[in-house]
1. Leu199 passes all but one of (1) in a loop (DSSP other than H, G, I, E, B); (2) crowded, with 18+ Cβ neighbours inside 10 Å; (3) within 15 Å of the ligand (Cβ to nearest atom); which number fails?
2. Does the stretch 154-163 contain any residue that is within 16 Å of the ligand (Cβ to nearest atom), under 30 Å from Ala46 (Cβ atoms) and part of a strand (DSSP E or B)?
3. Report whether or not Ala86 is under 27 Å from Pro48 (Cα atoms) and either hydrophobic (A, V, I, L, M, F, W, C) or within 15 Å of the ligand (Cβ to nearest atom) (or both).
4. Residue check: is Glu133 acidic (Asp, Glu), open to solvent by 20 Å² or more (accessible area, probe 1.4 Å) and at pLDDT 95 or above?
5. Restricting the stretch 100-126 to residues that are more than 11 Å from the ligand (Cβ to nearest atom) and open to solvent by less than 10 Å² (accessible area, probe 1.4 Å), which is farthest from Tyr176 (Cα to Cα)?
6. Failed condition for Gly214, given (1) surrounded by fewer than 23 Cβ atoms within 10 Å (Cβ to Cβ); (2) under 22 Å from Ala51 (Cα atoms); (3) away from the ligand (no atom under 16 Å from the Cβ), with all others met?
7. Looking for something over 18 Å from Ala230 (Cα atoms) and either away from the ligand (no atom under 14 Å from the Cβ) or within 14 Å of the chain's Cα centre (by Cα) (or both) - is there at least one such residue anywhere in the stretch 90-99?
8. Step by step: first the residues of the stretch 213-239, then only those that are in a loop (DSSP other than H, G, I, E, B) and over 18 Å from Gly151 (Cβ atoms), then the one that is nearest to the chain's Cα centre (by Cα). Which residue is that?
Amino acid sequence: MKPRVVIVPALIALAATTAIAQTDPKATEQWAPVPKVVAPGKQDSAPPSDAVVLFDGHDIDKWEASKDHSPAHWKVHDGVLTVDKATGNIQTKQRFGSYQLHLEWQVPANITGEGQARGNSGVFLASTGPGDEGYEIQIMDSWKNPTYVNGQAASVYKQAAPLVNAMHPPGEWQSYDIVWTAPVFTANGKAKTPAYVTLFHNGVLVQNHTELTGETFYIGKPKYNAYKDAPIKLQAHGDPSAPISFRNIWVRPLD
Ligand code: MG
């Protein structure tokens, strides 16, 4: 009998607490942790105060050649960075997990060629090798230039076409704003959680939390290869058309 005397008041107290929780607005207020205050840039595209600026128009000290980690040799001129196809891909010296990335790119006004051979480059959100290994968001001229849709600009290469084609014509600057959620791997190298990417092309949503099924390959199905933190890589594609240029590149790590 004695335990029942104890249990009944406890149940009454629990019921009272539950009733308060259902009527008190404070019960659903979250007060901690307090989000960090970040001063937004003066323009939408200017780096916020907590960004890592990867290219500000002056030098490419934050970058190296992917093939041998030697200094990057792409040409900086007039505040922009132009692909040097002869020296190959470049990548950040710093490695990243998940992040927000902003970059701007321009196809030359006098671009020639067609399909994939017209202003092809790319941004690899995580580079896992010196060549084209990793996770590529396609960069190329997709202004009135048909190609396979999961290989056009703003595609997750060979995995997901953009929701819309938000291209500006050649000669105009384009922007990418990307949210990259890096894949997480188990100790034995299996993907525990996949990679996701959200992409705004010129401010227009073109990839909406797209789930990746692995690295992006030119030939063959996507496949995950375990890694932990990786450089961001820009592609020196071998097509014969005029090289494209970049400016205003910054990243905000989210880990
Ligand atoms: Mg490419």
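1. Only one criterion in (1) in a loop (DSSP other than H, G, I, E, B); (2) crowded, with 18+ Cβ neighbours inside 10 Å; (3) within 15 Å of the ligand (Cβ to nearest atom) is unmet by Leu199, namely (1).
2. The answer is yes, given that some residue of the stretch 154-163 is within 16 Å of the ligand (Cβ to nearest atom), under 30 Å from Ala46 (Cβ atoms) and part of a strand (DSSP E or B).
3. Details: under 27 Å from Pro48 (Cα atoms): no; either hydrophobic (A, V, I, L, M, F, W, C) or within 15 Å of the ligand (Cβ to nearest atom) (or both): yes.
Judged against the criteria, Ala86 is not a match.
4. Numbers: acidic (Asp, Glu): yes; open to solvent by 20 Å² or more (accessible area, probe 1.4 Å): yes; at pLDDT 95 or above: yes.
So Glu133 passes the test.
5. By that ranking, first place goes to Ala126.
6. (2)
7. To start, the set of residues in the stretch 90-99 that are over 18 Å from Ala230 (Cα atoms) comprises none.
Checked against the condition, which is being over 18 Å from Ala230 (Cα atoms) and either away from the ligand (no atom under 14 Å from the Cβ) or within 14 Å of the chain's Cα centre (by Cα) (or both), the stretch 90-99 yields no hits at all.
8. Initial filter on the stretch 213-239 (in a loop (DSSP other than H, G, I, E, B)): 213-214, 216-222, 224-229, 231-232, 235-239.
Filter again for over 18 Å from Gly151 (Cβ atoms), leaving 224-229, 231-232.
Values: Tyr224: 17, Asn225: 18, Ala226: 18, Tyr227: 16, Lys228: 16, Asp229: 13, Pro231: 11, Ile232: 9 Å.
If we take residues in the stretch 213-239 being in a loop (DSSP other than H, G, I, E, B) and over 18 Å from Gly151 (Cβ atoms), then Ile232 is nearest to the chain's Cα centre (by Cα).
The values are calculated or read from the model by the stated rules, or taken from the named source; none is laboratory data. Note that the structure is predicted; figures quoted are calculated from it, not measured. Quick reminder, even Gly has a Cβ in these numbers, built from the backbone with ideal geometry, and neighbours come from all protein chains shown. Side chains included, ligands, DNA and RNA excluded: accessible areas come from the protein's heavy atoms. Shrake-Rupley method; radii C 1.70, N 1.55, O 1.52, S 1.80 Å.
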